[in-house]
Structure formats: C-alpha cells, structure tokens
Amino acid sequence: MKFKKSISANLIAIPVTLMVSQPLIAQDADNDEETQPKKETVELERMEVRGEIIRPNMTGVLPEQGGINDAAHLLMRVPGANVNGLGPLSGIAQYRGLFGDRVNVDFKGMNYKPACTNSMDAPLSHVPAGMTSLLKVYRGIAPVSSGIETIGGAIVQETKRPEFTEEGEPIDWTGKFSAGFNSVNDGWYGALYNGLANENHRIHAYGSKEFGNHFEFPGGANIPTKHDREAAEVGYGFRYEDHVFDVDYNYNYTRPTGTPALPMDITVSEGGILTGSYAGRINDVVGIKASYNYQDIRHTMDNFSLRRVRGNTIAQQNQNKRVSDNYSDGFGYKLAIDFPLLSGTMTVGADGDNANHDATVTNPTNPNFSIKNFNGAERDRYGFFSEWIVSPIQDWTVELGARVNHIEMNSRTVSSTGTPPPLTTLANNFNSQNREKTDFNYDLTGIIRHNVTDDLEVELGFARKTRSPSYQERFLWAPFEATGGLADGYLYIGNLDLQPEKSYQGELGITWRHGSFYFAPRAFYRYVDDYIQGTPGPYGVAKTIAANQNPNPLLQYNNIDAILYGTDVEAGFRFMDNWRVDSMISYVKGDRADADDNLYRIAPLNGLISLFYDHEKWTLGTEVVGYWRQGDVSKFNAEPKTSGYALWNIRGQAELYKGLQLGVGVENLLDKDYRVHLNGLNRSLNNEASGIAVGDRLPGIGRNVYVTLNYEW
Ligand SMILES: [Cu+2]
C-alpha cells in the first residue's frame, strides 16, 4: 500500500532527543502501535534513534534525561515549536507563533482544560516529563481528526502502558525506575512504573515525585520558581481478539510552585482525569476507536505564600493579599470509524466536550471582600469530522479533511462584595446582557504528498481552521489579569461580541534523505481573519477601575486580522560510523494585518546544532542552542525587546549494566546570563534583589549540572 511506503520513506532523524537509547525508542514505537490493533510497520534505523516521524507530517519527542521536569519544555526540541514558560511547571505550548487554546493538546483522546484562569496548570503540566513516554507534534497542518479546535496545531502526549503478550506466553512484568538531580535548583525527581500483562489483561501503575528550589542564574535566584509535584496513574486494559478496552486514571497533586511571570503562584493544583477507551477492528476491515473522559480539577493560587506582597506597612500588605480558587470540570468523548473507500481510507467521527469553569478572588484578611471572577463559565463543543487518505496514482498521496464544530458558551451571573461600587456596576452590566453565545465553525484541509524519488518527498497543503473565543476572552467582565497566561502585565476585559478566528494556511514541506544525510525544510504562510487580541479603547467605568490598579492602558479582547509566516528546518548527517550531527532552525514572523504592529510573544529566530559520538555502551556529545534577538515586538502592550544568546551544553550517557543507564551533563556550561523572550515579564518583588525589576524579562536558568539514573526491565 502506498501509504505505508510513504511512512517508512518519511522516517528521518529528528535531533530532538538526546541521551535516549535505541531500545527505549523502539519500544515506545511498539507501544504506540499496540494500542491500534491495525499494525503499521514503522521501521527504525540505527541513525534515527533521536526521534521518528510516526506518520507523514508528525514528529516524536521522547523525554530528555536532562534537567527537564515540565513536559512542555520538550517542545523546545521540535522544529517550529516552543514553550511559554510561566514557571517551572507551567509551560504553555507554542507552535509557529500561536499558543494556549490555539494549540490542541491530546492526552488519551482528551483535551485537558486548565482550572487556573491564567493556565498555571496548562495542558502539558498535568503529566510530568518523567511520566511522559512520548510527545508527538504534527508538523505543519494538523489533521481535522487530531482535535476539535486545531487552529495552531496539535500535540499528543502519551504515557507508558504494558503490551499484551502473544498467545501462550507467560505473564510479562515490565518496569522502569528513573531518578535525577539538577544542581541549578537542587531539584530531585523520581518516578516508578510497573506493568503486568498477559494475552488478555494488562494493568499498570505509575508514580512520580519531584521538587526543587528557586532556579539560580548569574545575577542571583529567580524567585519564586520553586516547585513540588506528585503525579500518579493506574490503568487496566482488556483484549478480546481484535478488541482492546482500557480504563486509566491519571492524578496530579501540585504543591506550592512559583510562576514569576504571573501576579500569583500555585498553592495547590489537584485533580484527576478518568479515561476509558476502546480500539478494535471488525472483519479486519472497519476500525473503530472510541473514548470517553472526565476531568475534575481544583486549583488555588495566591500572591503572598511564595513571594512578597506589595505594601510598606503590614496593614497595606494585608489589604493587597489575594487568594483565587479556581475549578474546572467536564467530560469529553470521541468516536472515529475508518474503512476503505475508493482505494483509500476514510475516517468519519464525532467528538465533543463540555467544560465548566468557576473562579473566585478573596482576601484572607478581609472576609467581606469577594469577587466571582467566573461563575459557571461554560464552553461546550460538538464536532463531526471526516478524513480521506488516498493514493490515486503511484507515489502520490492525497489527504482531505472536513470538520464542523458547534460551540455553545454561557455564563451565570457574577458578583462582587466588599469592593468599590464601580465593580458592582460592571457586574450588573454583565449580568444584564445576553451571555449565551453559539458559533458554527467549519475546518477544511487538503494535503498532497509526492514521492519524487525514493529519497525525496514534497508536500503541499492548504487548511482553513477555526477557533471560538475562550471563556476568558468572552466572559472576563471586569479588569483582571485572568488571561490564560498572557503574562504581559496588562489588565484585560472580555468581549461578548467576539467572533471566532478563521485561519487560512498554506504549507510547503520537503523531506530529503540520502544515505546518512537528511534535510527537511518547511515553509508556511497563514492569514488569520478575526484573530483575537487586546486593543485599547475608552471602556468607561472599567477604565477608571483599571487606572486605579495599573498604570498601563486597559485592553479589551477584540477581533483583528493577523498574518504569520515562517520556516522551520531540520537537517543532519552521520559520518565515520559513530559520529552524527543534527540541527534545527525555527523562524516565525507575526504581523497585525489591519494595523502597523507585530503580534505578541513570538519566538525569536532560534536553532540548535549538536555533535555526538555513539558507542555501543555510551554516548557523548555537545550542543549549541542559539536564540537571535527579538526586535519584532508588539506595540499594543509595549512588549520589551530581548537580546540574543547562545548556550553550550554537554551531555553523556553510559549503560552501566543491562538496562541501567547513567546520564550526566552540563547545561549552560558558560553560565551565561540571558533573558527568555517567551517566558513573560517579571511580576515578583522578590526578584528586585537580583536586579530583575517588575516588568523586566525573566532570566533563563544558569549553569546546571544534572545526573540521571534509569533502570528498565
Ligand atoms: Cu493559577
């Protein structure tokens, strides 16, 4: 079948994961297949040990054994992808200049809904890097089946599961223990996985614990960036012939953890995701995948547990203390059926989710002060999609997708007590308006792939994608910084009249591999009609309230037009049997189309190049990560520019004993002092002692020596 051929032809080396042994990768690839009874052969070559393309257009990343706890930070190793790091465990996925709700994160068929109004518990933060077995990113245009709203791309996060044994084989016990230490924050982590399986049943349990102090940098410490998190997962699966059922429960308990880019820090984030899934084939012809999930998350943050609160006297400080309690709960489902159609494969499906958000703001020293920030803010999505992949003539593949989404939003009435009267006026205004909103959106994709030769594939794609406004963008009724983690220090108000975003995207990709060389450049151009962004305006009472709290002009979410374009490239080669060079480069430019401005929070031109020596029992290498200065900053919120920098890392790994791997490395070897453009602006008074004023860019981590130990059986 042409499609299968195209998969193996697309296996190229991705310099995304260092220090990972080949057997581990091969096993993860097996895991991935094993959940889909329809086997697709994915060949792994010796050279391709750093990652793989799981299907055309998809890149896989395995958790690195370096100093990473936050799974979102793995994205820094994917071309075009990056992370908005609000804190050590609060990374928001960014892909080609779009981030937050615009990038779909799939975990076991569900889309996690952060409880925090500022996304401190961003989707990738629910499962730690240590428990993530594979992070997959669709490069370029994400298929319509990959999520309900995928305007900015799609990411899949996976955890380990045992594989069913073959008929007649005994019970198989597999496990993995991993632990590590980072010197830059005296951080420790440990994770233990155990799985038992026979041919019909499988169970697994996972647990992890991680904690660390504030990150150091050459100017001092970035306070607060301490973190403390526990996570666990249990699961049971059952197989009968071609039918596999799985039930998993994934739980996260985050203790006080800093987010210096935001006005508050996490005090508790706690909750779980229950998923049930079925995958099967009927008569070896029709494939069915179905899943259901339920999530229930509680999140509390404050501005005084981990940082100093503003005020010269105790009384002033007490007056400024704030606690915010946030909740999100909801359920989701997905059904996808695939079958042969006109020599291709057709997939049709339905998916949806209902999410409810509540948030209050109180003052622990003043029981009369209470604000209902969000009350029953509801966002319900109902989608239907179809996707057809066909190879009409040899060496040509066509992928066509269509999706319709019906999105319903509503909010209960809000209130404020013990606050200045103008706030009550705003609450009454909000309550008197019609808050029930319905959007009908449709997405279309069309991709053509052509295998010009066995070594060269060319891809041309077009997509129309949509996104309805978030609950914050529609229902933020008073000036707050509850912005899904924008971290620009501005106060925002929502807009009930917002229209959904419509994106039109063109994509050109080339994958060339010849012998031990590979080269895979991609270019894209995107026009977003009704892109949602803050704009200043009169806004009456709200503006008066905002002016008393924040010198910056109040912003309201509005529809503008935006253009994003850029390129991302990965390339490398292997030489003299044991040496390899891998590199990647990412560039994106974001412009406002209807005014003279740049888009906010766009990653500067960045790249990575590495040189490694692979021995049978050990690997040693070095890499340089470079970020150009970012001068194309947004005017609407006076985004500061960032200087460029280069970091030098050294990494080594050795197999001490069968299955036992020791990793050692130094990141930022020269202890460079640098600022990370995507991390947002400092909001913590504690950082002033280290020369980082409120409103300054936050520092990147200083020199970090790490040690990791992994034992797999
Ligand atoms: Cu929060």
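Just from its helices, what would the mean residue ellipticity at 222 nm be for the chain, if runs of 4 or more DSSP H residues each count -39500 (n - 2.57) and the sum is divided by every residue, rounded to the nearest 500 deg cm²/dmol? The partial results should precede the final answer.
Numbers: 6 runs with 55 residues, N = 713.
Calculated from helices alone, the mean residue ellipticity at 222 nm is -2000 deg cm²/dmol.
Could you calculate the contour length gain from Tyr525 to Asp242, that is, 0.36 nm times the residue separation minus the distance between their Cα atoms, to one decimal place in nm?
On the way: separation 283, 0.36 × 283 = 101.88 nm, distance 4.24 nm.
That pair, Tyr525 and Asp242, stretches by 97.6 nm at full extension.
In Å, what Kirkwood hydrodynamic radius results for region 657-712 from the alpha-carbon pair distances?
Values: mean 1/r = 0.0728 Å⁻¹.
The answer is 13.7 Å.
Nearest 20 debye, what's the magnitude of the dipole of region 2-712 about its Cα centre given +1 on Lys and Arg Cβ and -1 on Asp and Glu Cβ?
On the way: 66 positive and 86 negative charges, 382 e Å.
Using Cβ point charges on Lys, Arg, Asp and Glu, region 2-712 gives about 1840 debye.
How high is the FRET efficiency between Ile314 and Ala693 when r is their beta carbon distance and R₀ equals 22 Å, given to the nearest 0.05? If you can, show how the numbers build up before the last one.
On the way: r = 24 Å, r/R0 = 1.08.
About 0.40, to the nearest 0.05.
Filter the GluC sites (Glu not before Pro) in region 440-520 down to the DSSP loop ones having no more than 12 other Cβ atoms within 10 Å, then list what survives. Walk me through the numbers on the way to the answer.
Working: sites: Glu457, Glu459, Glu473, Glu481, Glu501, Glu507; in loops: Glu481.
Filter output for region 440-520: empty list.
Going by the alpha-carbon gyration tensor, a ≥ b ≥ c the square roots of its eigenvalues, is region 118-262 rounded (a/c under 1.5) or, if a/c is not under 1.5, prolate (a/b greater than b/c) versus oblate? Walk me through the numbers before you get to the answer.
Values: a/c = 2.79, a/b = 1.55, b/c = 1.81.
In terms of gyration-tensor shape, oblate.
If R0 is 56 Å, what FRET efficiency do you get for Leu709 and Asn366 from their C-beta distance, rounded to 0.05?
Numbers: r = 49 Å, r/R0 = 0.88.
The value I calculate is 0.70.
Once you place label points 7 Å from the Cα toward the Cβ at His201 and Glu166, how far apart are they in nm?
Output for this residue pair reads 2.4 nm.
May I ask you to compute the full-extension gain from Asn548 to Phe462, defined as 0.36 nm times their residue separation minus their alpha-carbon distance, rounded to one decimal in nm?
Working: separation 86, 0.36 × 86 = 30.96 nm, distance 4.72 nm.
Here the answer is 26.2 nm.
With a sphere of radius 10 Å drawn around the Cβ of Arg522, what net charge do the other residues whose Cβ falls strictly inside it have (Lys, Arg +1; Asp, Glu -1)? Can you show the working numbers first?
Values: positive: Arg96, Arg139; negative: Glu459, Glu507, Asp568, Glu570.
So the surrounding residues net to -2.
Run through region 151-206 and list the GluC sites (Glu not before Pro) located in a DSSP loop whose Cβ has at most 13 other Cβ atoms within 10 Å. Can you show the working numbers first?
Values: sites: Glu158, Glu163, Glu166, Glu167, Glu199; in loops: Glu163, Glu166, Glu167, Glu199.
Taking region 151-206 and a limit of 13 other Cβ atoms within 10 Å, the loop GluC sites (Glu not before Pro) found are Glu166, Glu167.
Which of the residue pairs Lys321/Lys372; Lys502/Lys543; Lys136/Lys160; Lys136/Lys465; Lys502/Lys635; Lys176/Lys209 have a Cα-Cα distance greater than 18 Å in the structure shown? Don't jump to the answer; show the numbers that get you there.
Working: Lys321/Lys372 16 Å; Lys502/Lys543 30 Å; Lys136/Lys160 14 Å; Lys136/Lys465 20 Å; Lys502/Lys635 23 Å; Lys176/Lys209 14 Å.
With Cα atoms farther than 18 Å apart: Lys502/Lys543; Lys136/Lys465; Lys502/Lys635.
So which GluC sites (Glu not before Pro) in region 586-695 are both in a DSSP loop and have at most 12 other Cβ atoms within 10 Å of their Cβ?
Values: sites: Glu616, Glu623, Glu655, Glu667, Glu688; in loops: Glu616.
Here the sparse-neighbourhood loop sites are Glu616.
Just grab the label-to-label distance for Asn354 and Lys658, each label 7 Å out from Cα along the Cβ direction, in nm (one decimal).
Distance between the two pseudo-spin positions: 5.4 nm.
Kirkwood Rh, Cα Rg: Rg to Rh for the chain? Walk me through the numbers on the way to the answer.
Working: Rg = 24.6 Å, Rh = 26.0 Å.
The Rg/Rh ratio comes out at 0.95.
Please give, to one decimal in nm, the separation of the simple spin-label points placed at Asn428 and Gln394, each 7 Å out from Cα toward the Cβ.
Each label point is offset 7 Å from its Cα along the Cβ direction, giving 7.8 nm.
What's the local net charge at Ser145, with K and R +1, D and E -1, over the other residues with C-beta under 11 Å away?
Taking every Cβ under 11 Å from that of Ser145, the sum is -3.
How charged is the neighbourhood of Gly376? Take every other residue with its Cβ under 9 Å from the Cβ of Gly376, and add Lys/Arg as +1 and Asp/Glu as -1.
Numbers: positive: Arg412; negative: Asp358, Glu378.
Neighbour charge sum, excluding Gly376 itself: -1.
Of Leu685, Gly621, Ser634, which is farthest along the charge dipole of region 582-713 in the positive direction, counting Lys and Arg as +1 and Asp and Glu as -1 at C-beta?
Leu685
What FRET efficiency, computed as 1/(1 + (r/R0)^6) with R0 = 51 Å and r the Cβ-Cβ distance, is obtained for Glu436 and Arg629, rounded to the nearest 0.05? Please list the in-between numbers first.
Numbers: r = 46 Å, r/R0 = 0.91.
Efficiency, from the Cβ-Cβ distance: 0.65.
Assign one of three labels to region 245-339, namely rounded, prolate or oblate, based on the Cα gyration tensor with a ≥ b ≥ c the square roots of its eigenvalues; rounded applies when a/c is under 1.5, prolate when it is not and a/b is larger than b/c, and oblate otherwise.
On the way: a/c = 4.72, a/b = 4.42, b/c = 1.07.
Prolate, because a/c is 1.5 or more and a/b exceeds b/c.
Among Tyr251, Gly97, Ala478, whose Cα sits farthest toward the positive end of the charge dipole of region 2-712 (+1 at Cβ of Lys/Arg, -1 at Cβ of Asp/Glu, about the Cα centre)?
Ala478
Throughout, read-outs are computed from the coordinates displayed, never taken from laboratory work. Computed from a predicted model, the values in this text were never measured in an experiment. Glycine also receives a Cβ, built like all others from the backbone with ideal geometry; neighbour counts cover every protein chain displayed.
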